[in-house]
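The next block holds one structure in the form of structure tokens; read it before the comments.
What follows draws every value from the coordinates through simple rules; no lab data is involved. Here the structure is a predicted model, which is why all the values come from computation and not from measurement. FYI the Cβ positions are ideal-geometry reconstructions off the backbone, even for glycines, and counts take in every protein chain you see.
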């Protein structure tokens, strides 16, 4: 009696994909500078002088500016991912760049 069944194993190993970072940025798309300045001028800045505590005065000023800023340049969340793979070192990056430049040179001189 003989057994002729092949035994094999297939294993796929991958590094998990890095999760993108989520950051908040100001969106200045459609930002109107003159409208922003007009809204700043319309704020009741006299309220700031009513506070005796400088921290309270600063909080009121900061609130006015943030409210107007969020109105004209709202916060937007974007996803940013790291474009550099974990396995790529500076030596590998330099070698790839050198190889690409040599290829461009060869193609330009029509030797390839």
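Among the residues in the range 95-103, are any assigned to a helix (DSSP H, G or I), under 30 Å from residue 26 (Cβ atoms) and free of Cβ contacts under 8 Å to residues at least 40 places away in the same chain?
Checked the range 95-103: no residue is assigned to a helix (DSSP H, G or I), under 30 Å from residue 26 (Cβ atoms) and free of Cβ contacts under 8 Å to residues at least 40 places away in the same chain.
Determine, yes or no, whether residue 25 is within 25 Å of residue 73 (Cα to Cα) and touching a strand residue (DSSP E or B) at 6+ places or on another chain (Cβ under 7 Å).
yes
Give the number of residues within the range 56-94 that are part of a loop (DSSP other than H, G, I, E, B) and farther than 30 Å from residue 34 by Cα.
Here the count works out to 9.
Provide a single number: the residues in the range 68-80 that are touching a helix residue (DSSP H, G or I) at 6+ places or on another chain (Cβ under 9 Å) and free of Cβ contacts under 8 Å to residues at least 40 places away in the same chain.
Selection size over the range 68-80: 2.
Looking at (1) in a helix (DSSP H, G or I); (2) out of contact with any helix residue (DSSP H, G or I) (no Cβ under 8 Å at 6 or more places or on another chain), which is the only condition residue 48 fails?
(2)
Is it true that some residue in the range 98-112 is in contact with a helix residue (DSSP H, G or I) (Cβ under 8 Å, 6 or more places away or on another chain) and more than 30 Å from residue 15 (Cβ to Cβ)?
yes
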